[in-house]
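Each remark here refers to the structure printed beneath this line.
The values are calculated or read from the model by the stated rules, or taken from the named source; none is laboratory data. Computed from a predicted structure; not experimentally measured. All Cβ positions, even for glycine, are placed from backbone atoms using ideal geometry, and neighbour counts span all protein chains on display. Remember, those area values only see protein heavy atoms, side chains included, never the ligands or the DNA or RNA. Shrake-Rupley method; radii C 1.70, N 1.55, O 1.52, S 1.80 Å.
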Amino acid sequence: MVEDFVAGIASKLGEYLIAPIGRQFGYVLFYKSYVEDLKNEVKELETARQRVQHVVDEAGRNRKPIQTAVEDWLESVKKEAEEAENLLKHGESAKSACFRGWLPNPVVRHPIGRKVKKITKVIHGLHQKSQNGNFEKVYYENTPIGFVNATTSTARPVDKKEDGLKSRALITGDVMKAIADDKVRVIGVYGPGGVGKSKLLEDVERRVKEENLFDVVAMANVSRNPNLKRIQKEITDVLGLHLMNEKTVRGRAYRLREALESDPKKNVLIILDDLWEKLELKEIGIPCGDDNKARDCKLLVTSRNRDVLRIAMGSEKEFRLDELKHEEARRLFERTMGNRVNDPEFETRVDGVVKNCGGLPLLIVPLAKGLKHKDSAAWRNASTNIDLSNVKSHVELSYNDLKEERIRSLFLVCALTSGRISTRVSLIYCMGLGLFKKFSNTIQKARDRLIEDLHTLQDSSLLLESDDMEQFKMHDIFVDVASSMHDEFMDMKWNALVGRKDYGFKEWSGDELRKCTTISFPHVGIDELPEKLDCPNLRMFLLFEDNPSLKIHDLFFKSMKKLQVLDLTGLSLTSLPSSIEFLENLKSLSLDFCHLDDVTVLGKLKGLQFLSLLDSTITRLPPKIGGLTELRFLDLRGCARLKVIERGMLGRLVNLEELYMEDSFDQWEAEDKASQSNASLAELKSMKKLSTLYIAIPHSANLSRDLPFGKLNKYKIQIGDVWDWSGEYKESKTLKLKLDSGNLLEKWVQRCLRMTQDLHLDGLQGGIDTIHDLCIEGFQELRHLHVQNSPSIQYIVHSMENVQCTAFTKLESLFLENLNKMEKICRGCLSSESLSKLKIVKVDNCGEIKHLFTFPMTRIFLQLEEIEISRCHLMQLIVADAEADEDKIEINDDPTVNSCNLRRLTLRNLPKMASFQETVDHSVVFFDTRQVNFMLYRGVVFFYMWTILIGGNLLRLDL
């Protein structure tokens, strides 16, 4: 063993000591051999250099760009060859021997021999590089425009003027962020035809190249009728591929896909403009999965229809490009027009001209160019009229692309009200026309389909994008185009007559009136209606007016027997015209905002399904209205004068699904009242299909047992005389109660409590001290809770000792007001799910409460965004130490949570309020010289605090 160990050490010593020493002696002893090797390598390298240089010279004469590696090699050869020649000359002139030539001179030979050996190795490497096929082709073709490098990234000039359109710059920026996001593979841009989607793509392409975000960028225009060969050629041309010799589309697709996948390290962006329908990427040659979603490259596509992007092409992010606002539209017009826009003769007409273009660059640019050299007559015409031919073709193309006739007809219906229509009104119209027969089992199903169809129109850019889910808009220019369109669906030929100011019945011929299926007067200012209309094919009549003197003659509707939808909004009618009884096919009737005295004649419309009297002045619903047994929808919202609904009338409406009585009739009578003349709540029991109910019941004594409220899908129910119809939140299930403890145990009340989203409670007493215990099955959907004027309430949640409680898992806001005995929000042990969504807490005039939370409830406090505390005269702390809480509240908190989301803090009239928490760190003067102390709350950082309001008797606040 010892011998082996010693032998190993000796071997290593030989390796690390003897070998280097031998190499140093070799520089002296083999000096001449090293010099000869260097001379041979230099000679061979020179031969190789001349060969490569000849090829380079020939390529230069043909204006071919030389490979960078070749140029670098030639430069290195020149440099190293010169150094080798200098070294050889130095060796020849130096004394390389001593003792009269008998012995080599180590002082001279060693350093020169060492350098010769080193440079010989470099020269040999350069020679080898030229022999390994690296320089078979010393030049390259000019870089295809699709390949991004330092040259192409700055090759295209930047139009600085485009920076003036801020909206376009913002959208471009958003698209660029999505393109740079590695998690997003497919990005879409959509909007109406003519808004500038193609121009935006050009700007994005330029910026991508400028910023070197991709190695390869290819762009192709798809168009309505895709030509696959042309699309392939546009892509392959920019990639420098010559695939047109391939005879088939499939062959070219294979070659293109092969080229795009050849280098996985290359980042590739493919831009496809103007898609009208699904484009099969594999048929083009763009790498994709079975779901047609691009892979191994990034895809940017545009379309007028959002569904083409996200459904057909699998886009992960879509950006809508809208029409230009007036200021930007004018800026574009001025830029295109040039200095002539400042001509005093035309300057006053610019706004009118720009307005008529509707914010569409498609119209703005050609109009500005066309007016550059026109006279004042052309300007006058452009400021009052505009040729819609361009935009009309775009609208018609998008319209014809809608697959369902139901959606096409919905688009035409939306245009009848000046392009402004609510979900509610469009539902009434479309159901009356029978457009949703397939989905009309329930009104809610039809409404869901309607909303989906409205979004389809938005995605097709036929309706404007909006965050408002109730109101939808159409561009004015699109309205004009749609109003003149004709179509045929179901059993109706769509021929619409839309009145304008000073253009209506008198201007329409008898033939036009007989053929028309729709007439609309959307607030155009009619002074007079004809005595009778001969419109045998009319299905829809809309009249919106605010003219109290406008009268409807008794015979006006006599020849409209096919009428299905009638809307008379804003009229003053002592009684409805008697000819309305001839409308035997009428399904939907709106008399919104009408001054009405008598609606008895409506009882003859036996087929009526939708009746809206929104904000009308009716005072009484007569018994004959009960004869409308087919009625499914009754809207009485805002009928504040309605005091009488005849006894038994509501009970006959057995098919009613939706009943709206918000801010309307509330004179309910007890079911067993001897002299009952008004409706009772018991009549609602006969409405077996009722799913939506808005109702106020001021007197809980009139409540009936077994009310159908627990089966409702949507409701606003107010019980008690303390409520109004105001509300901060728009939840579908809102309940406001002022009930005694006995009524709270009713089955229908318990069902409602379990499903309610927005709950208001008042007057709780009689031993009720905890809110959570009110609902036996728990508040499963509650998001907003408001408790007021309840002297017995002490806690929101009170769990038994050693029993963990799960409560209010979806609650987002909590409002406590006038609770004299309120001590704590929570008492006992809570699960981590409890109050896990709470964002807002407001406490007002709660006499016993001393703090909101304790340290074991840190997680709840940290997630809050708004706190407001006022008139709580014992309130001392926002967050108390656990020791300050004798009940020892426990909660399963996440210990990793250490940042506060608080955005707004309001404190008023809190005479004993001292601090957030008892510890004080350092102080600053804050708000009117009051002392406000700031500290880091146990590692908590208050991010993004927006507002602190301090008032009343607050003396000091420790943060």
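Tabulated data for the structure shown
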item: Members of region 583-604 that are outside any loop (DSSP other than H, G, I, E, B), more than 41 Å from the chain's Cα centre (by Cα) and polar (S, T, N, Q); result: Thr600
item: Search result, residues across region 833-854 that are surrounded by fewer than 19 Cβ atoms within 10 Å (Cβ to Cβ), under 23 Å from Arg903 (Cα atoms) and of a type outside the set (D, E, K, R); result: Ser836, Ile840, Asn845
item: Pairs with Cβ under 6 Å, 6+ apart, first in region 694-707 and over 10 Å from Glu671 (Cα atoms), second open to solvent by 90 Å² or more (accessible area, probe 1.4 Å) and in a loop (DSSP other than H, G, I, E, B); result: Pro698/Asp721
item: Residues of region 315-327 satisfying the condition of being open to solvent by 20 Å² or more (accessible area, probe 1.4 Å), out of contact with any helix residue (DSSP H, G or I) (no Cβ under 6 Å at 6 or more places or on another chain) and touching a residue at least 12 places away in the same chain (Cβ under 8 Å); result: Glu316, Arg320, Asp322, Glu323, Lys325, His326
item: Residues that are among the aliphatic types (A, V, I, L, M) and touching a Pro at 6+ places or on another chain (Cβ under 9 Å), drawn from region 399-439; result: Leu416
item: All positions within region 855-868 that are open to solvent by less than 10 Å² (accessible area, probe 1.4 Å) and in a helix (DSSP H, G or I); result: Met857, Ile860, Phe861, Leu862
item: Odd one out for Lys689, checked against (1) touching a helix residue (DSSP H, G or I) at 6+ places or on another chain (Cβ under 6 Å); (2) surrounded by fewer than 20 Cβ atoms within 10 Å (Cβ to Cβ); (3) closer than 22 Å to Leu427 by Cβ; result: (1)
item: Selection within region 240-251 - out of contact with any Ser or Thr (no Cβ under 7 Å at 6 or more places or on another chain) and at pLDDT below 80; result: Gly240, Leu241, His242, Met244, Asn245, Glu246, Lys247, Thr248
item: Cβ-Cβ under 6 Å pairs, at least 6 apart or on other chains, region 523-535 side at positive phi, far side surrounded by 12 or more Cβ atoms within 10 Å (Cβ to Cβ); result: His523/Phe544
item: Region 464-486 residues that are closer than 17 Å to Leu363 by Cβ, paired with ones that are open to solvent by 20 Å² or more (accessible area, probe 1.4 Å) and among the hydroxyl-bearing types (Ser, Thr, Tyr) (beta carbon under 7 Å, 6 or more apart); result: Val479/Ser418
item: Within region 64-88, tally of residues that are more than 14 Å from His127 (Cβ to Cβ), of a type in the set (A, V, I, L, M) and part of a helix (DSSP H, G or I); result: 4
item: Qualifying residue in region 752-759 (condition: touching a helix residue (DSSP H, G or I) at 6+ places or on another chain (Cβ under 6 Å) and open to solvent by 30 Å² or more (accessible area, probe 1.4 Å)); result: no
item: Scope region 452-468; condition at pLDDT 80 or above and either assigned to a helix (DSSP H, G or I) or out of contact with any strand residue (DSSP E or B) (no Cβ under 6 Å at 6 or more places or on another chain) (or both); matching residues; result: Glu452, Asp453, Leu454, His455, Thr456, Leu457, Gln458, Asp459, Leu462
item: Any hit, region 466-477, residues being closer than 25 Å to Lys714 by Cα, surrounded by fewer than 19 Cβ atoms within 10 Å (Cβ to Cβ), charged (D, E, K, R) and in contact with a helix residue (DSSP H, G or I) (Cβ under 8 Å, 6 or more places away or on another chain); result: yes
item: Helices (runs of 4 or more DSSP H) contained in region 281-351 and holding at least 1 residues within 21 Å of Leu464 (Cβ to Cβ); result: 326-337
item: Which numbered condition Ser732 fails, given (1) over 16 Å from His786 (Cα atoms); (2) in contact (Cβ under 8 Å) with a residue 40 or more places away in the chain; result: (2)
item: Residue ID - modelled with the highest pLDDT, chosen from residues in region 810-844 that are under 38 Å from the mean Cα position of the chain (by Cα) and among the small types (Gly, Ala, Ser); result: Ser813
item: Only one of Arg408, Arg380 that is open to solvent by 30 Å² or more (accessible area, probe 1.4 Å), modelled with pLDDT of 75 or more and under 25 Å from Ser520 (Cα atoms); result: Arg408
item: Options Val341, Val308, Val353: the member that is among the β-branched types (Val, Ile, Thr) and farther than 26 Å from Glu396 by Cα; result: Val341
item: Ile719 open to solvent by less than 30 Å² (accessible area, probe 1.4 Å) and either among the acidic types (Asp, Glu) or under 23 Å from Gly847 (Cβ atoms) (or both); result: no
item: Selected residue (only one of Asp706, Asp672, Asp666 is among the acidic types (Asp, Glu) and either more than 26 Å from Glu630 (Cα to Cα) or open to solvent by less than 20 Å² (accessible area, probe 1.4 Å) (or both)); result: Asp672
item: Selection within region 569-582 - open to solvent by less than 10 Å² (accessible area, probe 1.4 Å) and either in a helix (DSSP H, G or I) or modelled with pLDDT of 95 or more (or both); result: Ser579, Ile580
